[in-house]
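Q: Sharing a structure here in structure tokens format.
All of the numbers you see were taken from the coordinates with simple rules; none came from a lab. These numbers come from a predicted model, not from an experiment. Glycine also receives a Cβ, built like all others from the backbone with ideal geometry; neighbour counts cover every protein chain displayed.
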Amino acid sequence: MNNLITNLINRNFPELEQSKILIQKTYLNDSRPWVVGYSGGKDSTVVIQLVFEALMELPKDSLHKKVYVISSDTLVETPLIISSINETLRRIQEHALEQDLPIETHKVKPPVEKSFWSNIIGRGYPSPNQKFRWCTDRMKIDPANQFILDKVSKFGEVIMVLGVRDNESATRANVMKSHSVEGKVLMRHSSLSNAFVFAPIRQFGTDHVWKYLLNYDSPWGDDNHELHKLYQDSSSGECPLVVDKTVKESAGSCGNSRFGCWTCTVVTEDKALNGFIESGEDWMLPLLEFRNWLADIRDVRSYRQKYRMNGQVYFRDVKIETIDHIDYVVIPKKSRRKLQRVPFLDFTIVQKENINNYLRENRIDLSQGDEPDILIQDGERYQRFGLGPFTMQAREMILRRLLEAERDLEKPGDPSYSLISERELKVIRRIWLENGDLEDRLPQIYNEIMGYDLDWEYDDHQTFDSEQITDLELLAEQMGVDMKLVKKLIHMEKEYNGYRIRRGVNQEIDKALKQDYLHL
């Protein structure tokens, strides 16, 4: 009876057989290894399943090259999804070994130095938004591309097998068309010269995807009906494994997808976490609350430095609106915050050429966030300081909130899951020390909240005690010297201490002294 049903489906589903034959022909055509992207979503599941089935139907002696299945772990994946992906990768590997298939599964992760928390809490990056989506490159594209480049260096060329489809969006279809060569199955990769893209379900519609998944059992035992339910229970879409920067924008944000990061602040509302919570996973509520708070504080001026990471000061024009004969300064809507209008008369007007004297006379530190209500007049334009990284105080605040969420989170399922790893904490500590944290605050904060210490690997005693730091701060103020600069110079001297050749220290000192904010 099952065979009759399968035959009937096959007759009404010619795209399936065409796709499987195409996979087999393309596999046998050359010796270039395949790298198959798996995100846990419906499209990538179809591709993995079709590749698995196509290889099973080939003679064993023709399976002459490797198929690497890679999945991206940004280190801030939604807990339930990363647990599911890990289990699926394990099952695929086990069944591939049982069937003697040349399939290997791998997870690609960003280096700890480039992780979400290392950038936000360590370096003070503002949380991502539509105009500054720094996370996609660092956490998804670069790790996947590095895996591909490693295989290119070993084999000369590789073929990426992806679950991209023309009818996902007009933008995606146009991007795929621009990389296609007429009469050729493979597409050119936009940035990796020795990598090609194979899209075996390119012509599938969404109905084809579900028709296949719901009528053909997973070879490794996953329940595709559960995957279908996951999509039905939410308004989630696909979160593809992105390996090409030209399709980053067309891939969209994964904030509305169940297969994205729980920290995604690119979208206004995180429908993914909301969907999980409404489905009964209310233990994830603290994650949603933290994510919303992180989005809300992104553009709070008191939490941001007024110069960029390289010390550059810049200015943003402000818009003036007149309502009922009263002039208002319009504060743009950012993240989840509402548009604000502040009366023009509430601001102090400072001429641009006098801004340096004003800051000095009023003892305003642009790194601390405590900025008075001033408008900088430049001819007929009015401006405010542009925003830079989170202040050190804000970074400490974010770390505290995150550790409190970690401490109080009731984690069912995988008890090893953590919101921030020990390795990330050690990287953040190192970044803080490099940026002049003479008090070595991170271990203190961790102990205060978690109630115990980590093995910090090295226990550098503080360069100065609290009284000496206070004396330094008073002396710097008396001499009109920037204390942050003093801290940086102390750290540089400490780093280069003991080196016989210290050429690098001169360049570092020169770079520190030329930071824009010191010379307004």
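Q: Please compare each pair in Lys20/Lys42; Lys20/Lys114; Lys42/Lys66; Lys319/Lys487; Lys60/Lys154; Lys109/Lys271 to a cut-off of 27 Å on the Cα-Cα distance and tell me which ones are over it.
A: Long pairs (Cα-Cα over 27 Å): Lys20/Lys114; Lys319/Lys487.
Q: Among DSSP beta bridges lying fully in segment 308-385, give the percent that are antiparallel, nearest 5.
A: If I count the DSSP bridges inside segment 308-385, around 80 percent turn out antiparallel.
Q: Residues in segment 74-104, backbone N under 11 Å from the label point at Ser279 (7 Å along the Cα-to-beta-carbon vector): list them, ranges by number please.
A: 80-81
Q: Further question: Could you calculate the FRET efficiency of Glu353 with Gln312 from 1/(1 + (r/R0)^6), where r is the beta carbon distance between them and R0 is 22 Å, rounded to 0.05?
A: It comes to 0.70.
Q: Taking square-rooted eigenvalues a ≥ b ≥ c of the alpha carbon gyration tensor, is segment 293-389 rounded, prolate or oblate, where a/c under 1.5 means rounded and, failing that, a/b exceeding b/c means prolate?
A: The shape class here is oblate.
Q: Mind checking the full-extension length gain between Lys25 and Arg441? Use 0.36 nm per residue of separation minus the Cα-Cα distance, one decimal, nm.
A: 143.8 nm
Q: Something else now. Taking the Cβ of each residue in Met450, Met397, Met392 as the centre, tally the other Cβ atoms inside 10 Å and list the residues starting with the fewest.
A: Met450, Met397, Met392
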